[in-house]
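Here's the structure we're looking at; comments come further down.
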Amino acid sequence: MLLESGLELCPGELVWDATGTITALRRPRGPIADLCVLPGLVNAHTHLQIEPVDAPRVFLPWVRAVIAARLATSPAAMDAATRTAARQLLAEGVTAVGEIDSTGRTPRALAGTGLAGRCYQELTGFHLDASASRKLVRDRRGDAVSGLLAGLSPHAPYSVSPALFQAAAKATRHLAIHCAELPEEQQFLREGTGPFADLLRNLGRLPAGFRAPRVGAVRWLERLGVLRPGTQLVHCQELERGDLARIAASGAGIAVCPGTIAWFSRTPPPVPKWLAAGIDVALGTDSRASSDAFSLRAELRAAARFWPELSPQQLFTMATVAGGRTLGRPRLGRLVRGGRADFLCVTARSDRALAHLEPFVHGELAVARVFAAGHEVSRS
Ligand SMILES: [Zn+2]
């Protein structure tokens, strides 16, 4: 049994109570099965409601296609899509997610699936002033449902007004923000020009007298007071000089999505440097609209390819406990007394659990069974 990436208990026995909470991790007292138990995976950033779309792999046309598809989808179809995506993730051993919910429907759609993590209610509105922002945050504040705790996702610096960022930051410690994803985003913030300025103007969302903040995304978020512990920054493709130290000092974490990097043919950012700076870096699938596989195990394989200098332990940490930490759920993605009994089983290849990490991150070991809060949720 692997308790977390560097810590094993072999042979081991895992005991949990009726609430699905681990009560003991110990040497076995009875016969043992020939299985290797690993902690459940944490998909730190996803949009379960979004289905694949037929769109060019260019960001702005792609966003327009995703929004159009969302508007054309009925609430019932969206709930069905959410559950389909959840089942797909559970079957490969994902037991927790950082979900961006655009409609407020995800927590109920996921009730009973066993998925834990955090459900961030998405906020957009580049045109919103303080009172409109407070009202939107009040209306969109989600409730925790079973294992999914609530958070807010002010979408991105090019789609959220300063007042809306501040209203969200006041309402919760737990924020997820798409940050420094594109050169055009940095251009918009630095100069107030480019495709995002045009888009906002066309939508009637660029306030009269708008002035660009004249700093990049990370410094802008810092100035707004949202670069802080409990904030998960998503993507960070286009960090500028000094941003790495700024993020490391702030206590914010980062979620990267290798499948999205590959989808848009982007250059992988320097994740090993981020880890060396002490930042929690987690893996996410993003949505099915920007992922060929929609699989956290595929993200792990891609991460191993993009950043070959990372050890299997570092990669596995990104897919488990680092995900939990960026969601403000530090007990997820590891097997620990008092934590949830979320785990997966693979056929044992060795009597050392640690020996399974390398083949697992390279996609070689099939997941045989998956348990969430002590209940079996998938068996192959
Ligand atoms: Zn996203």
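The values are calculated or read from the model by the stated rules, or taken from the named source; none is laboratory data. In this text the structure is predicted, and so the values were computed from the model without any measurement. Glycine gets a Cβ as well: all are built from the backbone with ideal geometry, and neighbour counts include every protein chain shown. The area values use the complete protein model at the heavy-atom level, side chains included, leaving out ligands, DNA and RNA. Shrake-Rupley method; radii C 1.70, N 1.55, O 1.52, S 1.80 Å.
Worth a mention:
- Among (1) within 16 Å of the ligand (Cβ to nearest atom); (2) open to solvent by 50 Å² or more (accessible area, probe 1.4 Å); (3) among the charged types (D, E, K, R), the one test that Arg205 misses: (1)
- Selection within region 133-168 - of a type in the set (A, V, I, L, M, F, W, C) and farther than 26 Å from Leu182 by Cβ: Ala144, Val145, Leu148, Leu149, Ala150
- Hits in region 169-190 - residues which are open to solvent by less than 10 Å² (accessible area, probe 1.4 Å) and away from the ligand (no atom under 16 Å from the Cβ): Phe188, Leu189
- Residues being in contact with a helix residue (DSSP H, G or I) (Cβ under 6 Å, 6 or more places away or on another chain) and either more than 20 Å from Arg337 (Cα to Cα) or not hydroxyl-bearing (Ser, Thr, Tyr) (or both) - total across region 1-56: 18
- Strands (runs of 3 or more DSSP E) contained in region 22-89 and holding at least 1 residues in contact (Cβ under 8 Å) with a residue 60 or more places away in the chain and within 15 Å of the ligand (Cβ to nearest atom): 41-46
- Scanning region 354-364 for residues that are in contact (Cβ under 8 Å) with a residue 40 or more places away in the chain and either surrounded by fewer than 21 Cβ atoms within 10 Å (Cβ to Cβ) or polar (S, T, N, Q) (or both) yields Leu354, Glu358, His362, Gly363.
- Here is the figure for region 112-150: residues that are open to solvent by 20 Å² or more (accessible area, probe 1.4 Å), within 29 Å of Thr84 (Cβ to Cβ) and among the basic types (Lys, Arg) total 2.
- One residue stands out in region 14-38 among those that are surrounded by fewer than 17 Cβ atoms within 10 Å (Cβ to Cβ) and within 16 Å of Thr347 (Cα to Cα): the one that is modelled with the highest pLDDT, namely Leu35.
- Restricting region 365-380 to residues that are among the small types (Gly, Ala, Ser) and surrounded by fewer than 19 Cβ atoms within 10 Å (Cβ to Cβ), the residue that is modelled with the lowest pLDDT: Ser380
- Residue that is open to solvent by less than 30 Å² (accessible area, probe 1.4 Å) and under 18 Å from Ala111 (Cβ atoms), where the choices are Val42, Val94: Val94
- Phe343 outside the structural domain of Ser146 (by TED's automatic domain parsing) and touching a Phe, Trp or Tyr at 6+ places or on another chain (Cβ under 6 Å): yes
- Lone qualifier among Ala255, Ala303, Ala319 - being in the same structural domain as Leu89 (by TED's automatic domain parsing), in contact with a strand residue (DSSP E or B) (Cβ under 8 Å, 6 or more places away or on another chain) and within 16 Å of the ligand (Cβ to nearest atom): Ala255
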